[in-house]
Structure formats: structure tokens, C-alpha cells
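Visitor: There's a structure below that I have some questions on.
The values are calculated or read from the model by the stated rules, or taken from the named source; none is laboratory data. Please read all numbers here as calculations on a predicted model, not as lab measurements. Here Cβ is always computed from backbone atoms with ideal geometry, including for glycine, and neighbour counts include all displayed protein chains. Note: areas computed on protein heavy atoms with side chains; ligands, DNA, RNA excluded. Shrake-Rupley method; radii C 1.70, N 1.55, O 1.52, S 1.80 Å.
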Amino acid sequence: MTSGNQCVLDCGVGFWNNSQSWICSQCHSTCVDCFGSSETSCLACLAPLILRPDKSCKLPCQVGFYPNDSSPTGCSQCNISCKECTGPTNRDCRSCQTTYKLTPDMRCVASCEEGTFESMPGICSNCFSSCKSCDRFGSRACLSCPPDRLHLKSVGSCVLAPCPDRTFMIS
């Protein structure tokens, strides 16, 4: 490759190896590393720009917005329940507005759903696998059990029938 009137093995930062002309060509002004000269040929961006899926470098979106290359501004507003997000629906949340709680599958809901509990303010976590509902994590935190299990209320556990030794079923 040639850079100016010199022969080099690598074109260096801000340039790419143009194998058609065998000349080091400059990257787009927003790129520090690239595979072509166009705005959508970036591999790394100048700070504070971030690399978008279309390989362009844009300013990061403000809180409450997510990157969207089809939007004129490059950003679109999150779902109303999301504080931060990666897409338009309530299933794309990274954090929630103060009146909502984030579920393990990244949704914002008004209250933790069955099988989950509020582990930290605004965060729902899954109950232990044997519990139907719980108030904290652990095999002894069950408040209710699935139909195929019995609830040992004295210890907060859910066990498979029949009742363990020295315990009795209340019908």
C-alpha cells in the first residue's frame, strides 16, 4: 500500500487499505478505523460518537431514546414505561420509569408478577424454581406452590407429594 509517496504495510489510524487502487484511502471524518470511505464503513468511532448497526458513527442517544437508523435524528423514543431501552416496545427496557419495575425478561410492569419478587427497589427477580410465589429468593421463601407440590408452611418450602416424614397434610 502507498501512503503519499511511501510504501507501507499498514495504512494506519484513519485510513483503510484500498486493494483496488493499492493506495491508503482516508476513512470518513467520523471514523478512526474503517473498511471504506463512506459514512457507513466505520469499524470504530471518534469520541464521543458511537458505532451504530449500520456501521455509521453518531452521537449517543439521550436517556429515554434508543438508536434508530431510520429516524431522521438517529434516535427514537423508548416505550413510556422504560427509562432506558434498546428498542420501541416495553420488552426492550434496560431500566424503568419510577412507577414501574423491571422484570427478569427486561419488561417494565406495574408490580412484580407471579413467580417473581422485588429483590431491589424497582427490580423483579425470579423466585426459586419450586415456588409459585415468594417474598425473597431461596428454597425456604415460598409463599405458595405449583399444583404438583405441597407447601411446608413452617419452613416456607414446596415439596413433591407425599408429605415428608414427620409432617402432615392439611386438607
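Visitor: Would you work out if region 9-84 is rounded, prolate or oblate? Take a ≥ b ≥ c from the square roots of the eigenvalues of the alpha-carbon gyration tensor; rounded if a/c is under 1.5, else prolate when a/b is larger than b/c, oblate otherwise.
Guide: prolate
Visitor: If amide H atoms are built 1.01 Å from N in the plane of the peptide, which residues on other chains or at least 5 residues away come under 5 Å of the amide H of Ser76?
Guide: HN-HN under 5 Å from Ser76: Tyr66, Asn68.
Visitor: Subtract the Cα-Cα distance of Val63 and Ser111 from 0.36 nm times their separation in residues, and report this length gain in nm to one decimal. All intermediate terms of the calculation are to be shown ahead of the outcome.
Guide: Working: separation 48, 0.36 × 48 = 17.28 nm, distance 2.29 nm.
The span from Val63 to Ser111 would gain 15.0 nm if fully extended.
Visitor: Another question, then. Once the piece of chain linking Ser125 and Gln26 is laid out straight, how much longer is it, given 0.36 nm per residue of separation minus the C-alpha distance between them? Don't skip to the end; give the middle numbers.
Guide: On the way: separation 99, 0.36 × 99 = 35.64 nm, distance 4.92 nm.
So the chain would gain 30.7 nm between Ser125 and Gln26.
Visitor: What does the net charge come to around Arg52 if you take all other residues with beta carbon closer than 14 Å to its beta carbon, with K and R at +1 and D and E at -1?
Guide: Summing Lys and Arg as +1 and Asp and Glu as -1 gives -1.
Visitor: Now for a different question. Accessible area per residue, 1.4 Å probe, Å², for region 50-171: what's the number?
Guide: On the way: 7840 Å² over 122 residues.
Heavy-atom SASA per residue in region 50-171 reads 64 Å².
Visitor: What does the net charge come to around Ala161 if you take all other residues with beta carbon closer than 13 Å to its beta carbon, with K and R at +1 and D and E at -1?
Guide: Values: positive: Arg149; negative: Asp148.
Net charge in that neighbourhood comes out at 0.
Visitor: Keeping the other protein chains in place, figure out the carbon and sulfur percent of the accessible area of region 13-171, with a 1.4 Å probe. Display every interim value, and only then the final one.
Guide: Values: 5590 of 10060 Å².
Result for region 13-171: 56 percent of the exposed heavy-atom area is carbon or sulfur.
Visitor: Which shape class, rounded, prolate or oblate, goes with region 44-138 when its Cα gyration tensor gives a ≥ b ≥ c as root eigenvalues, a/c under 1.5 marks rounded, and past that a/b bigger than b/c marks prolate? Working shown, then result.
Guide: Values: a/c = 3.22, a/b = 2.59, b/c = 1.24.
Since a/c reaches 1.5 and a/b is larger than b/c, the shape of region 44-138 is classed as prolate.
Visitor: A follow-up question, please. Output the relative contact order of the chain, whole-number percent, from Cα pairs under 8 angstrom with separation of 6+ residues. Please list the in-between numbers first.
Guide: Numbers: 383 pairs, mean separation 12.8, N = 171.
Worked out over the chain, it gives 7 percent.
Visitor: Summing Lys, Arg as +1 and Asp, Glu as -1, what charge do residues with Cβ under 13 Å from the Cβ of Thr116 carry, Thr116 excluded? Working shown, then result.
Guide: Details: positive: Lys101, Arg107, Lys132, Arg136; negative: Asp105, Glu113, Glu114, Glu118, Asp135.
That sum, taken over residues with Cβ under 13 Å, equals -1.
Visitor: I need the shape label for region 119-166. Rule: rounded when a/c is under 1.5, else prolate if a/b > b/c, else oblate, with a, b, c from the alpha carbon gyration tensor.
Guide: Working: a/c = 3.39, a/b = 2.23, b/c = 1.52.
Prolate.
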